[in-house]
Each structure stands twice: as structure tokens, then as C-alpha cells.
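Let me begin by presenting the structure, written as C-alpha cells, before commenting on it.
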Amino acid sequence: MNDAPAPQRKKLKPGLKLLLEMGPLVLFFLVYSKFGIFAGTGALMAATVVALAVTYSLTKHLPVMPMVTAAMVIVFGGATLLLHDATFVKMKATIVYLLFAAALLGGLVFGKALLSVAFDSVMNLTEEGWRKLTLRWGLFFVAMAAVNEFVWRTQPEDFWVKFKVFGFVPLTILFAISQTPLMLKHELKGDEAEKAPEHL
């Protein structure tokens, strides 16, 4: 039996990680502002693929959430361009949020707190901490799906595009920050963190 520790995954610097995650969305907004929804969708698809490729080339692995998001961008973006119907790209966020919610909340039903996988093992929490955090993020994703549906169905396209960048992103950041007390309360430190089991 080989007891050698597994090699640690390379991690992106926070600034580069943020650029790769936010870059495609910002490019979508800029191209949309100049050329419209279909050109913006094409730019979003291309930038998403490039961001994934750069992530893999630097870390040699791909996190779960960006992979799912990229797949939905390609599927719904492709449908938008092929059918020349912006409805598909507008629904993409709803589908992605509901997929994340279903995975997280469904995992809890079967006793699995899957958020540690989605967060790429960047935190060490107690089992109770992971369960509570997973539940909160699952419900948050349900709420975000509902908000996206309301906005794109009731507001002009220009408003939806701006809200996608200047609404969803700040809401997600604020929600993540609001979970800090919970994470600090249930954080494992020192020897406890080293003995913590893998969450799969």
C-alpha cells in the first residue's frame, strides 16, 4: 500500500481566477453593447472556452461548476445562434442555477454535502458546517433562478443584460460574504483539518 501523499493541485492566483470567471461575462456585456445579443452570445461562448482552456493549462484540472456553466453556455448559446432566438441564452442562467440547486439539495437528501466538491476543496469545515452551507447555497440558487426568470420575462432585453452583469454578480458576492460567520464557526483548524475526510 502506497502511503505517499497525493500531489496537491495547482491553484490559480485569486486575481487570475476572478479574471477567468468574470472575463467572459464582461466581454458579453461589451460586445452586446456594440453589436447586439447574438454577437454578444458568440463572444461569451468563445471566451468561456478560452477561460476553461487557460484554467486547465495552468492547473491540469477543471472545477465542476465552471465545467457545468461552460457546457450550458455552449448548448444554449449554440441554440440561440442556430435558431436566432435570444430566449435560449436568457434561459441559460435559470437552467444552470436550477442544476446547481438540484445537485446540492439532492445531495443533502442522500446525506451528501456536495458543496466541498463545487468549491474545489478550498475550505475545511465540519460535517454540520458543510450541510448548512450546502443548504443555504442550494436555496440561494433556487432564488437566483426565479429572479432570472422574472427579469428576462418582464423587462426589456437591455435591462436583462445589464442586470446579468451588475445584478447577479453583486448579489452572489454579497451572499458569499454573508456566509462568512457560518464558515468561521464551523471551520476545522490544524490537526482537525488534516484528519478531515474527503467530501465526494
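The values are calculated or read from the model by the stated rules, or taken from the named source; none is laboratory data. Quick caveat: nothing in here was measured; it's all calculated off a predicted structure. Heads up, the Cβs are rebuilt from the backbone with ideal geometry, glycines too, and the neighbour counts pull from every protein chain shown. Protein only, heavy atoms only, side chains kept; ligands, DNA and RNA dropped before computing areas. Shrake-Rupley method; radii C 1.70, N 1.55, O 1.52, S 1.80 Å.
Within segment 1-100, count lysine pairs with alpha carbon atoms under 21 angstrom apart where the residues are 8 or more positions apart or belong to different chains. It would help to have the intermediate numbers written out before the result.
Values: Lys10/Lys60; Lys11/Lys60; Lys13/Lys60; Lys17/Lys60; Lys34/Lys90.
Going through segment 1-100 pair by pair, I get 5.
Show that you can apply the helix-only estimate: for the chain, add -39,500 (n - 2.57) for every DSSP H stretch of four or more residues, divide by all residues, and state [θ] at 222 nm to the nearest 500.
Working: 10 runs with 152 residues, N = 200.
Per the formula, -25000 deg cm²/dmol.
Rank Leu81, Val68, Phe141 by how far each Cα sits towards the positive end of the charge dipole of the chain (+1 on Lys, Arg Cβ; -1 on Asp, Glu Cβ) and give me just the farthest.
In the chain, that residue is Leu81.
Using a 1.4 Å probe on the protein heavy atoms, what percent of the accessible area of segment 47-187 belongs to carbon and sulfur? Mind dumping the intermediate values first?
On the way: 5250 of 7180 Å².
The value for segment 47-187 is 73 percent carbon and sulfur by accessible area.
What percent does the relative contact order of the chain come to when contacts are Cα pairs within less than 8 Å and at least six residues apart? Each step should come with its number before you reach the end.
Numbers: 189 pairs, mean separation 37.4, N = 200.
Relative contact order, the chain: 19 percent.
Could you name the lysines whose alpha carbon sits less than 17 Å from that of Lys132, not counting residues in the same chain fewer than 8 places away?
Partners found: Lys112, Lys185.
Can you work out the accessible area per residue across the chain, with the rest of the protein chains kept in place, probe 1.4 Å, in square angstrom? Before the final figure, lay out each step's value.
On the way: 11810 Å² over 200 residues.
Normalised by residue count, the accessible surface of the chain is 59 Å².
List the residue ranges in the chain for DSSP H helices whose C-alpha atoms run 18 angstrom or more along the long axis and whose Kyte-Doolittle average is 0.0 or above.
Details: long enough: 14-35 (31 Å, 1.27); 37-59 (32 Å, 1.67); 64-83 (28 Å, 2.14); 87-109 (32 Å, 1.72); 127-154 (40 Å, 0.12).
Those that clear 18 Å and a mean of 0.0 are 14-35, 37-59, 64-83, 87-109, 127-154.
If R0 is 25 Å, what FRET efficiency do you get for Met22 and Lys185 from their C-beta distance, rounded to 0.05? Don't skip to the answer; put the middle values down first.
On the way: r = 29 Å, r/R0 = 1.16.
The pair Met22/Lys185 has a calculated efficiency of 0.30.
So what does the Cα-only Debye profile of the chain read at q = 0.11, 0.17 Å⁻¹, as log10 I(q)/I(0), no solvent term?
Scattering profile of the chain, log10 relative to I(0): -0.57, -1.25.
What does the charge dipole of the chain about its Cα centre add up to, to the nearest 20 debye, if the Cβ of each Lys and Arg holds +1 and the Cβ of each Asp and Glu holds -1? Don't jump to the answer; show the numbers that get you there.
Numbers: 19 positive and 14 negative charges, 64 e Å.
With only Lys, Arg, Asp and Glu charged at Cβ, the dipole is about 300 debye.
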